[in-house]
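Below is one structure, written out as structure tokens; comments come after it.
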Amino acid sequence: MKRFTIGRTAKAAGVNVETVRFYERRGLIEQPARPAGGRPREYDSGTVARIRFIRQAQDIGFSLREITELLSLRADPGADCADVRARAIEKREEVSARLERLSRMRDALDLLIARCPGGGDLRCCTILEAMEGNAGAGDSASFGTATTARKGKSEMKTTTMTIKGMHCDGCARTVEALLDRVPGVRKAEASFDAHQARVLHDQAEAPEADLVAAVAKGGFEAAVERP
């Protein structure tokens, strides 16, 4: 049987030397006895194959404890392929559940990023505000939503406000985000150049006083323009 030094063993198995030593410490592979005369330890091709098996199993999500169980099954002459299949099915279900959780997290982050103004006062950061709230983790519907059921007939109106305290386009995006979170606001646009904000809103759900108060939360001053 072909023999390898630890360096050649690691190279043949596609890992580094420290990984081989780690597997030895965990009892996943056996450390060969040191030959007489101070020569380096030698590993056989079976150890190389075992390291490859361990590494592949790790890559598809098996823990070291689970890999130890799989290795025990390989060494058990009474073990059946069904035992390994059952473990693979269990791992697949675990991976599927993990992917589902990650998918919900991604959707929640997409919503947070989409609603972020991308600049402005950190005190008005929509992402930090959502994380500080009581929204359930991974529940994308709970982040940043400012919708409520409408009662009675909608009374839509476009209100123009003069905004003081904006210093850049990022501030304008912050003002838009503050207004967007007001229940009853359908659309909000702010302009740094004009120092204005135009808001399409339901007067019953979002009276002008609520719009002014929302902007004030960001440290800006708003005044409704009268025709």
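Laid out as a table, the results:
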read-out	value
Failed condition for Arg104, given (1) at pLDDT below 80; (2) within 30 Å of Gly170 (Cα to Cα); (3) surrounded by 11 or more Cβ atoms within 10 Å (Cβ to Cβ)	(1)
Among residues of the stretch 177-225, those that are assigned to a helix (DSSP H, G or I) and at positive phi, counted	0
Some residue of the stretch 19-32 being touching a Pro at 6+ places or on another chain (Cβ under 8 Å) and either of a type in the set (Phe, Trp, Tyr) or in a helix (DSSP H, G or I) (or both)	no
From Ile113, Ile60, residue being outside the structural domain of Thr174 (by TED's automatic domain parsing), among the aliphatic types (A, V, I, L, M) and at pLDDT below 85	Ile113
Output for the stretch 53-108, where each listed residue is over 25 Å from Gly14 (Cα atoms), without any contact (Cβ under 8 Å) to a residue 24 or more places away in the chain, assigned to a helix (DSSP H, G or I) and among the acidic types (Asp, Glu)	Asp83, Glu90, Glu93, Glu100
Filter result for the condition that a residue is at pLDDT 60 or above, surrounded by 14 or more Cβ atoms within 10 Å (Cβ to Cβ) and touching a Ser or Thr at 6+ places or on another chain (Cβ under 6 Å), over Ala177, Ala190, Ala135, Ala130	Ala177
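The values are calculated or read from the model by the stated rules, or taken from the named source; none is laboratory data. As the structure is a computational prediction, the values presented were derived from the model and not from experiment. So basically every Cβ, Gly included, is an ideal-geometry build from the backbone, and we count neighbours across all protein chains shown.
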